[in-house]
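Asker: Okay, here's the structure, questions in a sec.
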Amino acid sequence: MSYDVAAVRSHFPALREGAAHFDGPGGSQVPDTVARAVHDTMISAVANRGTVTPAERRAEQIVADCRAALGDLLHTDPAGIVFGRSATALTYDLSRALAKTWRPGDEVVVTRLDHDSNIRPWVQAAEAVGAAVRWVDFDPATGELPVEAVAAQLSDRTRLVATTAASNLIGTRPDVAGIAEAVHEAGALYWVDGVHATAHVLVDRPGLGADFWSCSPYKFLGPHCGVVAADPALLGTLAMDKLLPSSDSVPERFELGTLPYELMAGTTAAVEFLAGLATVDSDEEGSHGAASRDRRARLTTSLAALAEHEDRLGSRLEEATRALPGVRLYSNAARRTPTLLFTVEGKDPQEVRQALADKGINAPASNFYAVECSRRLGLGDGGGVRTGLAPYTDDEDVDRLIEALTAIV
């Protein structure tokens, strides 16, 4: 297993601008193969999906290829892949569909660790039908969200539990499989926000026990769009508000309007790029619809190599950051993504952000829409400075950040 970060970086034109990007948790940079797939689709003849003209057939193939690629990435039946404008929009859409099955007195469980897109849609959907909302707290000192804390909020009235697979603010990776077991024992459905996790770990949706898994391709080298994966049979039980002539098939009943074919082509290319991370070279095979028969195996190998790369760099960065006087780290869970949230004593997080930006280092400061988490950590709505690693992060980037933070302190 090999990971040639220089070869990986050669596919990212944005890196030529010279910045060290630690802003991946908010959206990754895009490889040339993804941009080319979007470009090629937009200059090709594409029409509404069908089987008569070449343009129609091209649209059908783009959709099929994208569902297959995401199916391989998430270990999900391609017929259960729902494509949308964003993970937030899809969560709102499906929360309303699921709420049609709830009654007054039913209960929905959310956590304070989550991004607000996995909280507010459920809170608002529950309120609309008279269902109750139960909250799960995490430990602000350790960042942990124990299975027991979730289980304590379950009852025979629980209809849905929503948790993250990885906190976008502090990186905590809860025991999704353990939570799923408790949720299913209570007879409820389990919605997992995998937006932050999917960029760093190999996902096995059914193996983890997630009834629904949401993610955003632009967090894992793709274009701006959103995805929800579920068992097609489960999706078939949900009624979706839609236009009268639009398809009632699954997953089409959940995809409102014409699909963005160019973004779907870009997403396919992003999954292919991820599958080739361990063997990246100048060959563009896979960016234009290569056979996917071994793609899951290639993803397994490549994401294992990526995890090893990110663990090494993340350990270097964390050790150096913890050693700096006046720096407080809030990312403390035993299992985490390579994501650090910190503050510097006597300095506003935005001041630190600006000082890093002045040195060509992109590390933003905010609550990053995880406002409940930020408040629970005692940071109010302001949050802290967040650094996150991506497939193109290298030792020089980490050296630059450590040097800059040392100077700021």
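Asker: Within the stretch 326-339, count every residue that is outside any loop (DSSP other than H, G, I, E, B), within 20 Å of the chain's Cα centre (by Cα) and more than 15 Å from ASN367 (Cβ to Cβ). Please lay out each step first, then the result.
Answerer: Our first condition is that a residue be outside any loop (DSSP other than H, G, I, E, B); within the stretch 326-339, this holds for 327-329, 336, 339.
In the following step, the residues that additionally are within 20 Å of the chain's Cα centre (by Cα) were identified as 336, 339.
With the extra rule that they be more than 15 Å from ASN367 (Cβ to Cβ), the set shrinks to 336.
Selection size over the stretch 326-339: 1.
Asker: Identify the residue in the stretch 157-176 that is of a type in the set (A, V, I, L, M) and assigned to a strand (DSSP E or B) and, among all such residues, is surrounded by the most Cβ atoms within 10 Å (Cβ to Cβ). Full working, then the answer.
Answerer: From the stretch 157-176, those of a type in the set (A, V, I, L, M) are 160-162, 165-166, 169-170, 176; that's our starting set.
The next check asks that each one be assigned to a strand (DSSP E or B); those that pass are 160-162.
Values: LEU160: 25, VAL161: 29, ALA162: 26.
Once the filter is applied, the top-ranked residue is VAL161.
Asker: A further question on this structure: Of these, SER214, SER249, which one is of a type outside the set (A, V, I, L, M, F, W, C), surrounded by fewer than 17 Cβ atoms within 10 Å (Cβ to Cβ) and either modelled with pLDDT of 95 or more or over 30 Å from SER10 (Cβ atoms) (or both)?
Answerer: Details: SER214 fails: surrounded by fewer than 17 Cβ atoms within 10 Å (Cβ to Cβ).
Selected residue: SER249, the only one of SER214, SER249 that is of a type outside the set (A, V, I, L, M, F, W, C), surrounded by fewer than 17 Cβ atoms within 10 Å (Cβ to Cβ) and either modelled with pLDDT of 95 or more or over 30 Å from SER10 (Cβ atoms) (or both).
Yes or no, residue by residue, for (1) basic (Lys, Arg); (2) within 13 Å of THR163 (Cα to Cα); (3) touching a strand residue (DSSP E or B) at 6+ places or on another chain (Cβ under 8 Å); (4) outside the structural domain of PRO260 (by TED's automatic domain parsing):
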{"residue": "LEU73", "(1), (2), (3), (4)": "no, no, no, no"}
{"residue": "PHE83", "(1), (2), (3), (4)": "no, no, yes, no"}
{"residue": "THR88", "(1), (2), (3), (4)": "no, no, yes, no"}
{"residue": "LYS100", "(1), (2), (3), (4)": "yes, no, no, no"}
{"residue": "VAL109", "(1), (2), (3), (4)": "no, yes, yes, no"}
{"residue": "ALA126", "(1), (2), (3), (4)": "no, no, yes, no"}
{"residue": "ALA131", "(1), (2), (3), (4)": "no, no, yes, no"}
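Asker: Determine if the stretch 221-242 includes at least one residue that is in contact with a strand residue (DSSP E or B) (Cβ under 6 Å, 6 or more places away or on another chain) and part of a helix (DSSP H, G or I). Lay out the reasoning, then the answer.
Answerer: Step one: filter the stretch 221-242 for residues in contact with a strand residue (DSSP E or B) (Cβ under 6 Å, 6 or more places away or on another chain), giving 226-230.
From the residues that got through so far, the ones that are part of a helix (DSSP H, G or I) too are none.
Checked the stretch 221-242: no residue is in contact with a strand residue (DSSP E or B) (Cβ under 6 Å, 6 or more places away or on another chain) and part of a helix (DSSP H, G or I).
Asker: Which residue is nearest to GLY222 (Cα to Cα), if the candidates are limited to the stretch 83-98 and must be under 21 Å from the mean Cα position of the chain (by Cα), in a helix (DSSP H, G or I) and not β-branched (Val, Ile, Thr)? Before the answer, list the steps.
Answerer: Of all residues in the stretch 83-98, those under 21 Å from the mean Cα position of the chain (by Cα) come to 83-95.
Filter once more, so that each one left must be in a helix (DSSP H, G or I): 87-95.
If we keep only those that are not β-branched (Val, Ile, Thr) too, we end up with 87, 89-90, 92-95.
Values: ALA87: 14, ALA89: 18, LEU90: 17, TYR92: 22, ASP93: 22, LEU94: 23, SER95: 25 Å.
The selected residue is ALA87.
Per-residue answers, yes or no, for (1) out of contact with any strand residue (DSSP E or B) (no Cβ under 6 Å at 6 or more places or on another chain); (2) assigned to a loop (DSSP other than H, G, I, E, B):
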site: ARG353; (1), (2): no, no
site: LEU356; (1), (2): yes, no
site: GLY378; (1), (2): yes, yes
site: THR387; (1), (2): no, no
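Asker: Hey, another quick one. Out of the stretch 28-82, which residues are out of contact with any Leu (no Cβ under 8 Å at 6 or more places or on another chain), among the polar types (S, T, N, Q) and either within 18 Å of LEU221 (Cβ to Cβ) or crowded, with 23+ Cβ neighbours inside 10 Å (or both)?
Answerer: THR33, THR41
The values are calculated or read from the model by the stated rules, or taken from the named source; none is laboratory data. Everything numeric in this text was worked out from a predicted model, so none of it was measured. Positions of Cβ are generated from backbone atoms using ideal geometry, with glycine treated the same way; all protein chains shown enter the neighbour counts.
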